[in-house]
Structures are given as structure tokens and as C-alpha cells.
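Since the structure comes first, as C-alpha cells, the remarks are kept for the end.
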Amino acid sequence: MVRLVLGTPRTLRPELVPGFHSLCILKPLHDDDWYMGSLYDDGSVDCWAIYGDLHEALRGL
């Protein structure tokens, strides 16, 4: 499960989720933004930052 914890909580449907240890960046379906969050052992993600493109998201790591 991918949960957005910024503003109004909602569930995201991921298209791509590259993980880096306990962090990940996530590209949802039908959304141009990238989200950063905590990646848990059960595969769930809590997203807590939004970036306008992949370059910004990678720099945020």
C-alpha cells in the first residue's frame, strides 16, 4: 500500500518505485509528480515529499 501523508491522506497507485534502503521515490500512474517516502519491509510506503520531476526527487535523496 502506498499512502500519501501530506495534506489530505490518500492512496496512490504506483507506476514505478525505485527503492534505496529505507527510502524510495515513487511515480504514480497518471501523475507527473514524483513522491519520496519511507519504504517498509512489507512493501508499503508512506510518502512525505513531492517533487516536480525525477531529477529533483533524486537530488532530494
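Bear in mind these aren't lab numbers, they're just calculated from the coordinates by the rules spelled out. None of these values were measured; they are calculated from a predicted model.
Quick look at the values:
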item: Under 5 Å, built H, 5+ apart or other chain: amide partners of LEU23; result: LEU39
item: Relative pair counts by distance (%), Cα atoms of the chain, 10 Å bins; result: 25, 63, 12
item: MRE, 222 nm, helices only [DSSP H, n ≥ 4, -39500 (n - 2.57), over the chain, to nearest 500]; result: -3000 deg cm²/dmol
item: Net length gained if the chain between LEU16 and TYR40 were fully extended (0.36 nm per residue, minus Cα distance); result: 7.0 nm
